[in-house]
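I have placed the structure first, in the form of structure tokens, so that the comments after it can refer back to it.
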Amino acid sequence: MSYYAHETAVIDEGCTIGTGTKIWHFSHIMPNSIIGERCNIGQNVVVSPKVTLGNNVKVQNNVSIYTGVICEDDVFLGPSMVFTNVINPRSAVVRRGAYSTTMVQKGASIGANATIICGNVIGTYALIGAGAVVTKDILPYALVVGNPSKQIGWVSEYGHRLDFDEQGKAICPESQQIYQLDANLVTRIQ
């Protein structure tokens with residue numbers, strides 16, 4: 001076995017788990033899910049069937065990742081954050097197989113207790129604040145907070161708030177990477 005699973009974790013047959021991944025206490029990895037290399041699956045996490053997690057995904061305690069969710073490489077899912085996969089759930093109406101797809105793109109971070117309503121895309125390196133409720137697509141590098149979530153700025157790939165000058169340029173204080181803001185889209189240029 002090329003990954004670590006705590007003795008209380010349940011790993012169903014038919015899932016794929018990458019080298020160097022760690023799965024902690026009381027977590028359940030369900031069939032046909034794919035977990036990449038070097039992931040960390042915290043305590044009391046459920047990874048539902050057909051979920052895909054890229055490499056180096058960090059899932060904190062008490063997170064359920066439902067069918068329809070795709071997380072690309074380097075995604076961070078904060079403690080007790082929530083995904084949904086049906087827009088109008090009803091106990092008496094069976095909607096299995098009618099799940100909406102939610103995409104969390106490379107490097108995005110979702111804060112503790114945030115809720116991601118299904119069918120949305122969280123852009124590359126976006127930062128979703130703790131407790132935010134995401135009801136629509138989030139742009140790459142966007143900083144969003146609140147319920148419903150509202151964009152309040154931009155962040156670097158290192159998670160620092162970016163302050164753009166008159167030419168639309170900003171420098172990350174930690175990495176010294178340079179970013180360009182043009183037509184309400186941020187790109188890293190150096």
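Results, tabulated for the structure shown:
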| read-out | value |
| --- | --- |
| Vicinal HN-Hα couplings computed from phi for segment 157-170 (Karplus, 6.51 cos²θ - 1.76 cosθ + 1.60; Hz; Gly/Pro x) | 5, 8, x, 8, 5, 9, 10, 8, 7, 4, 8, x, 10, 9 |
| Rg/Rg_globular for segment 116-163, with Rg_globular taken as 2.2 N^0.38 Å and Rg from C-alpha atoms | 1.03 |
| DSSP beta bridge pairing in segment 77-190, given as percent antiparallel to the nearest 5 | 50 |
| Scaled radius of gyration (Cα, divided by 2.2 N^0.38 Å) that segment 81-162 gives | 1.14 |
| Loop-resident sites, segment 130-167, for trypsin sites (Lys or Arg not before Pro), counting at most 16 other Cβ within 10 Å (DSSP) | Lys136 |
| For segment 178-190, Karplus couplings with θ = phi - 60° (6.51, -1.76, 1.60), whole Hz, Gly/Pro x | 10, 10, 10, 10, 9, 6, 6, 10, 9, 10, 8, 10, 7 |
| Between segment 1-55 and segment 108-136, the alpha-carbon center distance in angstrom | 22 |
| Full-extension gain in nm, Asn147 to Ala130, via 0.36 nm per residue minus C-alpha separation | 5.1 nm |
| Most mobile listed residue (Ile34, Ile87, Ile117) in the chain, GNM with C-alpha springs under 10 Å | Ile87 |
| Angstrom value of the Kirkwood radius, inverse mean 1/r, which spans all Cα pairs in segment 42-137 | 13.1 |
| Space enclosed by the convex hull of the alpha-carbon atoms of segment 1-83, per residue, Å³ | 62 |
| FRET efficiency for Thr187 and Glu37, using Cβ-Cβ distance with R0 set to 25 Å, rounded to 0.05 | 0.35 |
| Average projection area in nm² (convex hull over Cα atoms of the chain, one quarter of hull surface) | 11.6 |
| Spherically averaged projected area in nm², based on the convex hull that wraps the Cα atoms of segment 38-92 | 4.1 |
| Beta bridges by DSSP in the chain, antiparallel share as percent, to the nearest 5 | 25 |
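No value in this document is a laboratory result; all are computed from the given coordinates. The structure displayed is predicted, hence computed values, not measured ones. Backbone-built Cβ (ideal geometry, glycine too); neighbour counts: all protein chains shown.
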